[in-house]
Each structure stands twice: as C-alpha cells, then as structure tokens.
Amino acid sequence: MKRLLARHETYIFGIIVVFSIIITAINPNFLTLENAFDILKSNAFTGIMAIGVLFVLISGGIDISFAATATIAEYLTVLICLRVGGSMLFAFFSALVIGIILGAVNGYLIDRFAVPPIITTIATMNLYYGLLIVFSKGRWIYALPQYFRTFADIRVITLYTAEGLPYGLSIVTALWFVLMVLSAGLLFYTRLGRSIYAVGGDAISAKRVGVSVKMVRIFVYAFMGAMASVAGIVQALLVQAVAPNSIVGKELNVIAAVVLGGASLAGGVGTVSGMFLGVMLLAIVQNGMTLMRVPAVWYDVFVGLVILFSVGSSSWKVKKEKVGTFIDIEPLSPPMVQEGGR
Amino acid sequence: MVSGDSSITMQSSFLSMQQINKRYTGVQALFDVDFDIQAGEIHCLAGTNGSGKSTLIKIICGVERADAGATITIGDSVYTQLSRKDALQHGIQVIYQDLSLFPNLTVQENISIGDTMSGSKRFISWKQSRTIAIQAMEQIGIALPLDKKVAHLSMADQQLVAISRALTKDVRLLIMDEPTTALTKKEVDALLSVIKDLNKKGVATLFISHKLNELMTVANRITVLRDGKKIGCYQASDIDAKKLEYLMTGTTSSYTPYTLNKERAGTPVLCCTKLSKKDNFHDIDLTVYPGEIVGITGLLGSGRTELAHSLFGLNPPTSGTCTINGEPVALKSVQEAVSMGVACVPENRLSDGLVLDQSISKNIVMTILDNHLSSLGLLDDEGLHEKVLEYVEALQIKISSPSSAVKTLSGGNQQRVVLAKWIATNPTLFILDNPTVGIDVAAKSSIHSIIKALAEEGMAVLIISDEIAEVLYNCNRVLVMNRGRIIGEFDSSSTTENDIQAFIDFHAM
Amino acid sequence: MMRPLRLEKKETSVLVGIMILVIIIMVLANPGTFLTYTNMKGMAYQLPELGILTLAMMVVMISGGINLSIIATANMAGIVAAIILKSQPGSPSVAFLLALGACLGVSSAIGLLNGVLVAFVEMPPILATLGTMTLFNGISIVITKGYVISGFSPAVLYIGNGMLLGIPFPLLIFLLAAIVMSIFLRKTRTGFSLFMIGSNAMATKFSGINNMAVLIRTYLVSGIYSGIAALVMISRFNSAKSGYGDSYLLITILAAVLGGVKSEGGFGNVSGVVIALITLQVLSSGFNLLRVSSFLTTAIWGFIMIAVMVTNFLIENRKTRGAT
C-alpha cells in the first residue's frame, strides 16, 4: 500500500513540478519564498477543511455540509466574541464546540438511520446554511475584535525583501501544518486512525474485528466539523471580515483537491501528504495563472481539465490493470492418463 | 435419532451453550440448540444451507446475540449474551467464508489488526505488528510479502492471510467457515498440521462444512443441524458420507446418470481448437455435440471458470479458434455470444446471476427484451408478462407474486429464475458454473432434471462443478482441468467418483 | 413476500401525505392569498426550471450515478443559444431554430462526454461530472467574460413566459418532459436496463446487456434534459450567464431523493419526483406569501428531507420487526 500510494503522490508531485517549471519560465517571481509563503497562507483555509474531508473520505463517507458548518462556526464565534468578549483561544474553542456538534449530528444521522452520507449532508447543508442566513439576515461583520487582527499578523518566521519589507511564514500556515502533522500521526499511529481505514475498507469486517463502526463514523464527521470550524476562524483571520455567503459553494472544490491527492471516494484510501499535494496543485494552478497574467476567467477551465485528466488517467489505469485471476499454467501438456471418447 | 452427547463428556469443556434460540424477521433460525466444544477438540458443524449453522457460529463469536433465555458458559464465565469483545477476550477467532479481509490494507496489517483492535493500547506499534504478522505466517509455513495490499493478492493467498490472522497467540477456539475451498492440497495439508498442533496445545477447532471433505476426516465429533434444530452430536468415526447426508437432509439423494442416447454426430455446437488465454488457460480443445452434457471439474483455480467466461464473451481469448454451430466466433462480447445462442449461469448467483433487489419478472425478461418490442420500439409489457408466467409455471418457481424482489426467494428458486432467464433465449449452448452451490438437496436434484431435460431436447450443456458427483452423475463425459489445461477425460458410464478424485489428487501434488 | 412492493407504495403514500399536509397548512396560513389564480400561476411558472433539471438528475441517479454538471450544461447550452440569438443570423425564425438546435446540440455533446467518461473511462460519476461541471462553467465564463447576455425576441420569451390554452407554456414543457421521461424509463429497453444496472451492474453484464451503451445513453438523456431546462431558463431570465441557477444543483438531488429515487440507484419513478417537486414548490410559494425568507424555505427543505429519510427508515424497521 505504501509503495502504491507513494507512486500516486510522486505522480501528483511530478505534475506540480512540471507546472512550476512552466510558470517559473514565464514569471520567475513564482519560485520565490515570498510567493510560496503567500500560497501557503491563502490556502490554509482550504487545506484545513481538506484534512477533515480526507478523514471522511477514508472512512468511506462524503460530506457536503462542511462549508455551511465552517460559516456557522465562524459567524457565531465572531458574534459571541463581539458581544461577550474573549480571546483568540476562546474563539477557537467556541468554534470547535459548534463545529463538533454540527458534524456529530451528521455522523449520528448517517449511522443511526442508514441514510446515504451524500443525501444526509446535502440536507443538513441546506438546513444549516438556510438557518444561518435567516438569523444573520445575510449581514456581513466587518469590525472584528482587535485580537483577530493581531493574531493574523503573527509570523512564525520573518524574512525581509530586498526593499526591507517583512514577509514570512504566517501563523495560519503554521496552524495548518501542525494540524496536518497531528492528523497524519492520528491516522498512522493510533488505533482510531487504523479503525478509520478499516471501516472504509470494509465496514462489516471492521465490526468483526471489534471496531465500533458507529463511533468511528460519528468521530469522522465530528472531526470534519472541527476542521471546518477551525478553517472558518482562519477564513475570518485571513479576510478580517465575516460574510455568511463566502464559503458555501466551495465544498466540491475541496473534495476535488482531496481526491486529486489520491483519496478514493470508495473509502479506505488516502494520506495527509497526498491531500496536501492535491490542495497545492490547485493552489499553484490558481497562483500561476495570476503570475502568468492569464485572465482569471480561465481558472475553472484549467481546474476542470486537471480534474478530468488526473482522475481520468487513474481510472483508466485501474480499468486497464483490472485483470482476472492468474493461473500458473502447467508448462507441458501431460499425457492423457485415461482414454476417453475423444 | 441417537445423540452421542452423553457418551463423551470430558471434563475440559471450553465452551458450552444451552437453550440457544434466534429469531430473525419472520424466521426462527435456531430452536433450543445446545452445543458444546472441548478444549483441544476438532469439532465439525454440519448442515445444509439454511440449517442455522452460520447463525450458531455468529452467536458463538459474538457477532449476533442469542434471544433471551440462553446460557453461554466459557471457562468460568457465564453469559446470557455474548458480545464480540467478550468472545475475542476468550480467544475465539473466526476465519470467515468471505474471508472478511481489508482489501485496502497490507498483508501485515490485515494479520495484526485483531491484536491492534482488541488490545488496550491506543497507539500502534508497527514493529510489533510486523512481528505478529511474521509469526502468524510462519505457523502455516508461508511468507507472503508483508507490504503488499490484500486487494492485489490471489484468492488462495487471501485465504492464507485470513487463516494467519486467526492464528493469534491467545487463540483458544478457532472457527473456520468452509476454509479450504480455494486451497491446493499442499496448503490444506499444511493447515491440517497446524490444526493438529494447536489441538495439542489445547486449542479447540470448530469448522463448518456442507460436505465430507478432507477436514472432516480429522474431526473428533460432528454436530448436525437441520432446519434450525440440533439433530445430534456424533463421533466422527461413526459417520460416513452417506449417513451424514442423510442426517443433514433427512433424505438420501439418488443421482440418475445421464446417458447420451444419440450418436455424437452432425455439426458440433461448440468446437474450440487450441484456445488459450494468457495466465488463464492454454491449448483447450473442446468439442460439444447437441444433446451432450459435458462436465468440467478440477480444483478451484484450475482455469475452468475463466474458460467458461471466455466462451461467454466475458474474457476474450488470446489465441486459438472457436466455432459455435459451425460459425466462427471472436468471443469478444457477451452480446455476440448471446446472439450465437450461448447462455451462462455464473458461479456467483448473488453477485453475477441476479439483480437481487429487482423483481422476479424483471430478472426473467432482461435477456429477451429485444424480442418483445411493439411497432414503436417500446416494450411489450403484455408479451413479457406472459413469458414470465410461462417460465414460472414451466420451472415451477415458487413465488407469491412476479413483482416481488428476487432476494425474497430461496436459493433453489433464485437459481430457477436464473435458468428461466436463459432458457427464454432458446440457447444452443448452455454453460452452468457450479449451478447448485448453496442449494438444498431437493432443489438440487430438480435443477439437475431441468438441465437433463434441456439436453434431451438437443441443447448442448457444459457443467462446471467442484463436486465430482455432480458432474459424474449428470454428464455423459467429464473433463478434468488443472493449472489451465485439460488433463484428462472420463466416460461417466465407466468411471467412479474415486477414480476421478484419485486422478485429481495425483495431479494436484 | 409482497413486502418490497408495498414498501414502495408506502413511501409514495408518505410523500402524498406530506404534500397534502403541506398544501393544507399553506392554504390555512395564507387565507385568501394561496388559493388565488396569481399564486397558482406563479407556482406554475416557477416549478418547471427545477422540475426539468430534477428529471435530468433523477435519470442518472437511477443508474446508480450522479450528474453534478447539469447546471453547468444548462448554462453552457443557454449561453451558446443566446449568442446565436444575439448575432441574428438570417431571419428571426432561422435564428430561433438555430439557437434551439445549438442549445440541444451542446447539451447532448456534454451529456455524451459525461457518458463516455463514466462508462468507457470508468471514472466515478461524481468526479467525472464534477470535472465537466468545472470545465464547462469555466468555458462559459471564458466565452461571456462573466457578463450577462440579455434581450431576446418575443418568440424566445414565449418559451418561459407564454401561455397556451390558459396553461403556462413552461409547465407544458415540463409535463411533456415528465411524460417522455416516464415512457423512457418504463417502456424502452434502455430505461429497463437502467434500473437493473443501477441495482447490480455485474448481473446485467452477465445477462448480455451492453452496460456501456446504456450508461452513455443515460448521460445523453440527462444532457438533453439540461438543454431543455436551459431554454426555459434563458427565456425566463431573458438572459444567459454562467452561474445562473447554481443553487439548484444540490436541490435537484434533494428533490429526486424526496421523490423516492434511491441514491444508491435502481429505484425511482417520475410520479414520485413530480409530487416531491409540487411539495417543494408549495412550501416555497407559501412561505413567500408569508414573507418568510427564501433561505428559511431552504432550511425547511433540508429538514423535511431528513424527516422523510428518518420516517422511511423507521417504517422499514418497524415492518421487519412487525413481521415476526
């Protein structure tokens, strides 16, 4: 499995390298630390949601509602922080509580009532998002608490450009990386992580070896909710404003990024490193287009082609490699032992 | 019925259960069954499909709960209901018939996963997992690549992984559900020696079987279930194949041999010369005349199913020629094969033969839509409905309504639906791959007589079966395949089961 | 033995029950405004868009797939038609026919592409159509540069806004589309095979059904229906633009499932979907009359969806338990 996945990751990595070479040839600014930090910062939001999506996909499910969850967590948290006051730590905590509850509701409905995950989460997405817009009346929040501003400006590593302007690795990127490392550890080194793969591989077999399939399902959707809520706060940090309608509609792109990274919609397969590369691939396409001065209108065309070619070629490979049984044919025809009516 | 229970009461009962009842939706699967197994014993649980043996196994290993009133004693612990965790803690391990592996995980993880999940540690030690996997494989003398995904293993290797997984260090009771179907004789022998070894260490072995096979010869006792009731528990030495069949079914089957009463003449329905498919089969010469029933047997993995698929257009051959009714065929698509008059009853009725969730009538007519179109090109519902009624009547399929889902039928009736679907196409060559797997004895013989009647009307039939008896008594000649080649041919009027078995065993070494 | 049949009936009857309940509530909540000609007419003009798109979605869902590209297809086809209409080649009637042909041609081509990707390349339907959705959204944006193309001739506007024999013209199109779909599903070989493939594609392969041909035709039909929806959409908006009706995408899945289409494939019928659509429309119009936010309607749609799934689960469960 490791070797095969490594192959998929190298393959995506290869595409990234090719793209990078093309973009750099046209605009050398692409291959600068400044640009790299910038990409990593602006995609932290997508990247964090992608971690949650990865978990859900590995378990064999799918979630469409996470963008709605992210928005609710973001909106309510900022509202609470403005009304009651608080701190950055409190903001993350409050968002997490909201995200986990909303996610766990999905997990519970899916497990308890055997409703297909895609249907459940489309329904909850409509429910969550509709209620949010009704109660927020669609109003934006511009005046975020001061600590949102201060926190967003923290740099873990600070460098200076030739002109003396500071740039560096944003706290938001660092948060994304920490979450990725923790998630990778959880998936690879804990019983819970292996249970998620087991459930995605074969839920009945998982039950037979003593995995609590119900707990795993509720966990992954709650985890998805948690990641979505953190992403929601990151979005507020990045934009310094909260718009109830800014995230919903992006969910399919995030799922696409995770699938590009090698996760299977059939479940049981996927890694954090692959997911990271998938997110980066789409990020680099977008960033590269800006740098190459390709009009932004072409972005969707490129993304569509990347999805079709990448997923299409791996599906085609699977189809071609689909072999029947292998029978080790006896080298020489043995003599007939019995005489028959031949 | 003599019960042998009282005659062999040993002190060291590992597990004993009384008053086991289990009721599913509308069906009582088990009635007041008592069961016990001694430490170090090899015990066989025998019964036909639907006898309740799988349900009993599920209760023993904690996957299903018995209905109220049961007592389950394992060592000093007494339960009224056993959970999967309890069962695992007592060292009850199962090798499932469907293997129950994780295709997405490696060999190593598949073998060690039981330990990972039942232990109290929240973190994984991959080193320990590796050791467990290597040790488990050593026990049965195999060394599969640890990092290979199980999805990429052959069926036989997957079975070995499943066996290795069950052989954990603290196994006290090993349950095996038809464990030897895909194994070669060598692997079965290795497995048998492991089982004997384990028994010396006091590990009990319980296996499930529907026929008297190599495993049953090493059993100490046999418990027979029929229709959810315990018929009795017998010393294995007191039982032979005939008696066991009688105990399991309540009847003794009588095969009426098929004799070809015409000359093998005219245009052969099927004529293959040097038909080969890379990694499947090689140089197959096969000629079948109208009215013939030809049997193909051999171990699983001999290439017989692959050959059947090739003849049906599902597995295009790489070289060789084939004619059907004298006309050359490329065997490139099922549509072509069907239009040439080939029909095929696949080995796996549930996944390949039937659309279980859909209605009986839809399943029957799905092969003959083209013949029932109105002038507008729309389906002629009336005509199709008449066809359904015709075949339900002709094949005596017991249904409450043609619009019920096929999954509501019994195995025998389901298989009749598959037969009906193909008979409706008027085939000239009928290929049947293990047509009576999982079907009870009565239904089995009626399916055999349907096949014979078809052949007598001039259809050419090819039956593939694991069971030598099935091909021997229903075919006029029997071919034996091994490792992709036809290695022998027998005239069924002058051959016995033992002849063929000995021939297969000799070549399987 | 009769269980599966009765179960299907029961599911529809739950649905009819909900529809009647919703209608009664809305009539009572809007005395004097709900049961008016204006409101009825409003509903009759609004329903067809979502309705035709839902038919496009349901047909692939029955095959066990999904088509995320229906809206993108409709917009792309609508934009091509709009460009032809605006460039006025020849007389208005020639332009109209050309636009009509181009609209259906583009949508069929995209449908065919989806079919090939799913059936021949064997991509998972959700990813194949996500890819084509993104691609054709992109192409639409490139063609229009994100702007709106608007202002059509009366003949075009008639499709979405006209009235024939006192019945809104788009409703007639919808009814015709629904009847044709029903015939396709129940009376053609492809339709028949579609249900079987949706339940077990292996068994159909083993029965000599050409799965690839059936699936390609299925996505083709879905594409054509998206094209028909495109005509109604550009006419009602009197404009074409990429991104129109994006929010309908997931609603069509909701409506199809509410109408009894199994998301795993193999089951579903047009009448159930029509009942579901009417229910959703009554809710939406009723709330609109109550001046409730349309987003609350969306939330309630989601809630009803969950309620129906849970109810069906409980009914099924009680049935299996009740049988003992």
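The values are calculated or read from the model by the stated rules, or taken from the named source; none is laboratory data. Note that the structure is predicted; figures quoted are calculated from it, not measured. For neighbour counting, all protein chains shown are included, and Cβ atoms are generated from backbone atoms with ideal geometry for every residue, glycine included. The protein model used for the area step is the full one, side chains on, heavy atoms only, and it has no ligands, DNA or RNA in it. Shrake-Rupley method; radii C 1.70, N 1.55, O 1.52, S 1.80 Å.
Hey, what do the phi angles of the range B:422-429 turn into as Karplus ³J(HN,Hα) couplings, whole Hz, using 6.51/-1.76/1.60 and θ = phi - 60°, x for Gly and Pro?
Coupling constants for the range B:422-429: 8, 4, 4, 8, 6, x, 9, 10 Hz.
On alpha carbon coordinates alone, what is the Rg over Rh value for the range B:285-370, Rh being the Kirkwood radius?
We get a ratio of 0.98 for the range B:285-370.
Can you tell me the mean projection area, over all orientations, of the convex hull of the range C:201-261's alpha carbons? Units nm², please.
Numbers: hull surface 22.8 nm².
Computed as one quarter of the Cα hull surface, the answer is 5.7 nm².
Given N residues in the protein assembly as shown, what is Rg(Cα) / (2.2 N^0.38 Å)? The partial results should precede the final answer.
Numbers: Rg = 32.6 Å, N = 1175, 2.2 N^0.38 = 32.3 Å.
Ratio of Rg to 2.2 N^0.38 Å for the protein assembly as shown: 1.01.
Skipping prolines and chain starts, which residues have an amide H placed within reach, meaning under 5 Å, of the one on B:I463, given they are 5 or more residues away or on another chain?
B:V294, B:G295, B:I296, B:L432
So for the range C:48-93, considering every pair of alpha-carbon atoms, how many percent are separated by more than 14 Å?
61 percent
Karplus couplings for the range C:22-39 from phi (6.51 cos²θ - 1.76 cosθ + 1.60, θ = phi - 60°), rounded to Hz, Gly and Pro as x?
4, 4, 4, 4, 5, 5, 5, 6, 10, x, x, 10, 6, 7, 10, 4, 4, 5
Ranked highest first by the average count of other Cβ atoms within 10 Å around their residues, in what order do A:68-74, B:167-173 fall?
Working: A:68-74: 31.3, B:167-173: 17.7.
Answer by packing, highest mean first, reads A:68-74, B:167-173.
Please compute the alpha carbon radius of gyration of the range B:241-384, then divide it by the globular-protein estimate 2.2 N^0.38 Å. Two decimals is fine. If you can, show how the numbers build up before the last one.
Values: Rg = 19.2 Å, N = 144, 2.2 N^0.38 = 14.5 Å.
Expressed relative to 2.2 N^0.38 Å, the Cα Rg reads 1.32.
Quick one, can you get me the convex hull of the C-alpha atoms of chain B expressed as volume per residue in Å³?
169 Å³
What are the semi-axes of the equivalent ellipsoid of the range B:92-169, taken as the square roots of 5 times the eigenvalues of the Cα gyration tensor, listed largest first and rounded to whole Å?
Largest first, the range B:92-169 gives 18, 13, 12 Å.
Quick one: if you take sqrt(5λ) for each eigenvalue of the C-alpha gyration tensor of the range B:351-426, what semi-axes come out, biggest first, whole angstrom?
Taking √(5λ) for each eigenvalue gives 21, 12, 11 Å, largest first.
For the range A:12-119, report the translational diffusion coefficient in µm²/s to the nearest whole number, using Stokes-Einstein at 25 °C, 0.890 mPa s, and a Kirkwood Rh over Cα pairs.
The estimated diffusion coefficient comes to 145 µm²/s.
Give me the inter-chain shielding for A:293-306: mean count of other chain Cβ atoms within 10 Å, whole number please.
5
Which percent of Cα pairs goes in each bin when the distances of the range C:273-312 are cut into 5 angstrom slices starting at zero?
6, 24, 28, 25, 12, 4, 0
Computed over the Cα atoms of the range A:2-311, what is the convex hull's projected area averaged over all directions, in nm²?
For the Cα atoms of the range A:2-311, the hull's average projected area reads 16.7 nm².
Using only atoms on other chains, find how many Cβ atoms lie within 10 Å of each Cβ of peptide A:269-276 and report the average.
On the way: counts 5, 1, 0, 0, 0, 0, 0, 0.
What the average comes to for A:269-276 is 1.
Using 1/(1 + (r/R0)^6) with R0 = 51 angstrom and r between the beta carbons of B:S154 and B:K242, what's the FRET efficiency to the nearest 0.05?
Working: r = 35 Å, r/R0 = 0.69.
So the FRET efficiency works out to roughly 0.90.
So how do B:305-316, B:399-410, A:136-147 stack up, highest first, on mean other-Cβ count within 10 Å?
Peptide ranking by packing, descending: B:305-316, B:399-410, A:136-147.
Quote the Stokes-Einstein diffusion coefficient, in whole µm² s⁻¹, for the range C:3-322, based on the Kirkwood radius over alpha carbon pairs, a temperature of 20 °C and a viscosity of 1.002 mPa s.
Numbers: Rh = 20.3 Å.
It diffuses with D of about 106 µm²/s by this estimate.
Specify, per residue and in Å³, the volume enclosed by the convex hull of the alpha carbon atoms belonging to the range C:181-324.
Details: hull volume 21.6 nm³, N = 144.
Output value, Cα hull per residue: 150 Å³.
Determine the total buried accessible area between chain C and chain B, counting protein heavy atoms only with a 1.4 Å probe; round to the nearest 100 Å². Before the final figure, lay out the partial values.
Details: alone 15640 and 23810 Å², together 36640 Å².
Protein heavy atoms only, the C-B interface buries about 2800 Å².
What residues qualify as long-range amide H neighbours of B:G488, i.e. H under 5 Å apart, gap of 5 or more or another chain, H built at 1.01 Å from N?
Result for B:G488 returns B:V480.
Using a 7 Å offset from the Cα along the Cα-to-Cβ direction at both A:E330 and B:S410, what is the distance between the two label points in nm, to one decimal?
Going from the A:E330 label point to the B:S410 one covers 4.0 nm.
Quote the convex hull volume per residue of the range C:74-219, based on C-alpha atoms, as a whole number of Å³. Let's see the in-between values first.
Working: hull volume 19.7 nm³, N = 146.
For the range C:74-219, the hull spanned by Cα atoms encloses 135 Å³ per residue.
Whole number in Å², please: accessible area per residue of the protein assembly as shown, 1.4 Å probe, ligands, DNA and RNA not counted.
Working: 47550 Å² over 1175 residues.
Result: 40 Å² of accessible area for each residue.
With unit charges on the beta carbons (Lys and Arg positive, Asp and Glu negative) and the dipole taken about the Cα centre of the protein assembly as shown, which residue among C:L220, A:I101, A:V269 sits farthest to the positive side?
Of the options given, the answer is A:I101.
How many partner chain Cβ atoms sit within 10 Å of a residue's Cβ in peptide B:122-129, on average, as a whole number? Please list the in-between numbers first.
On the way: counts 5, 6, 7, 1, 2, 0, 0, 1.
Mean inter-chain Cβ contacts per residue within 10 Å come to 3.
Kirkwood Rh, Cα Rg: Rg to Rh for the range A:87-235?
With Rg and the Kirkwood Rh in hand, the quotient comes to 1.07.
Give the carbon-plus-sulfur fraction of the accessible surface of the range A:7-62 in %, rounded to a whole number; probe 1.4 Å, heavy atoms of protein chains only.
Of the solvent-accessible surface of the range A:7-62, carbon and sulfur hold 69 percent.
Cα-based Rg of the range A:25-73 per 2.2 N^0.38 Å, rounded to two decimals?
Here the Cα radius of gyration is 1.60 times the empirical estimate.
Given a 1.4 Å probe and every protein chain left where it sits, what share in percent of the accessible area of chain B is carbon and sulfur? Don't jump to the answer; show the numbers that get you there.
Numbers: 10380 of 20510 Å².
Carbon plus sulfur share of accessible area: 51 percent.
For a protection proxy built on the mean count of beta-carbon atoms within 10 angstrom, sort A:225-232, B:284-291 highest first, please.
A:225-232, B:284-291
What quantity of accessible surface, computed with a 1.4 Å probe and excluding non-protein components, is buried in total between chains B and A, in Å² to the nearest 100?
Numbers: alone 23810 and 18390 Å², together 38250 Å².
Summing both chains' loss of accessible area gives about 4000 Å².
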